[in-house]
Amino acid sequence: MILGALVIVVVGIVVVNYFKSKGGSITTSGGENATISGKIHTVSKGETLWSISEDAFGSGYNWVDLYSANKLTSDKIEVGQKLTIPDVSPKQPTSTKESLSTVETQNAISGTTYTVVKGDSLWKIAVRAYGDGYKWVSIARANKLGNPNLIHSGNVLTLPR
């Protein structure tokens, strides 16, 4: 068993050195060799536009750039397919909504009781009251709720402190 592992390690080192000498290749997280030489990438088994984008740009969000640069009509790619890697900067995720922590801070619950409003859930109330959604169980127990998924607007809940 140890000899088998040693053989695998040696073969792996030989393969990595081979691709390094060829220049510009990578190994994907799935263990498949994926060749990115210059601006052309040859698709390997198990790859997606997202995974190729992560390897090429360090961000999966650039998959759209791969899609556009190669004039693809579908996000389906095939093993052996050649894709052009465009020269673009890595994209970062964006949001048009306020961050959850900002909303939580603005709507924090500090009292020992709370009146339920439309759209509330025990999870949301626990996050606002304690900063921890898993504390919904404490709220349900303190209020002897038979069905914690069923709360109504106007209900006054006791918040254990």
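The values are calculated or read from the model by the stated rules, or taken from the named source; none is laboratory data. Keep in mind it's a predicted model, so treat the numbers as computed, not measured. Because the Cβ atoms are built from the backbone with ideal geometry, glycine has one as well, and the counts that use them run over all protein chains shown.
Residues in segment 140-161 that are within 18 Å of Asn107 (Cα to Cα) and part of a helix (DSSP H, G or I): none. For segment 113-161, the set of residues classified as in contact with a Leu (Cβ under 7 Å, 6 or more places away or on another chain) and at pLDDT below 90 consists of Pro148 only. Scanning segment 124-139 for residues that are farther than 12 Å from Asn107 by Cα and either within 26 Å of the chain's Cα centre (by Cα) or surrounded by fewer than 20 Cβ atoms within 10 Å (Cβ to Cβ) (or both) yields Asp132, Gly133, Tyr134, Lys135, Trp136, Val137, Ser138.
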